[in-house]
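Q: One structure coming up, written as structure tokens, with questions to follow.
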Amino acid sequence: MVDNSTLTKLRQPVIFSALLAVAAIAVAISARFRGGLIVLRAGFAVFNVLSFFYCLSLVGQKAWETSARIANALRNGGKEASDVKCN
């Protein structure tokens, strides 16, 4: 018998593939019409802009985490977790 977590892991790629196929068919159908091409170009432009801002947010998040680590290191004066003594 296959357990539930394995079924969930198998189901997710199948659903993703189906959604990707539906999107590809929709793009192919809409590309045949002039209005569809305009919509596709606008959609790709929006996607590119949103992807750019998403990448910027990831870079910003990484910089924020790094600055927090540096601030903690400076505040602790070079102490490591193993150097801390509890009474």
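Q: What FRET efficiency comes out for the pair LEU20/ALA73, r = Cβ-Cβ distance, R0 = 35 Å, nearest 0.05?
A: 0.20
Q: Between SER57 and ARG41, what length in nm is gained on full extension when 0.36 nm per residue of separation is reduced by their alpha carbon distance?
A: Extra length from SER57 to ARG41 when fully extended: 3.3 nm.
Q: Can you bin the range 1-62 into rounded, prolate or oblate? Criterion: square roots of the alpha carbon gyration tensor eigenvalues sorted a ≥ b ≥ c, rounded for a/c under 1.5, prolate for a/b above b/c, oblate for the rest.
A: It is oblate, given that a/c is not under 1.5 and a/b is not larger than b/c.
Q: Output wanted: per-residue J couplings in Hz (rounded whole) for the range 36-50, from phi through Karplus 6.51 cos²θ - 1.76 cosθ + 1.60, θ = phi - 60°, x for Gly and Pro.
A: Result, rounded to whole Hz: x, 5, 5, 5, 5, 4, 5, x, 5, 5, 5, 4, 5, 5, 5.
Computed from the coordinates by the stated procedures, all read-outs in this text should not be read as laboratory data. Everything numeric here is computed off the predicted structure, so don't read it as measured data. As a convention, Cβ positions derive from the backbone with ideal geometry for all residues, glycine included, and neighbour counts pool all protein chains shown.
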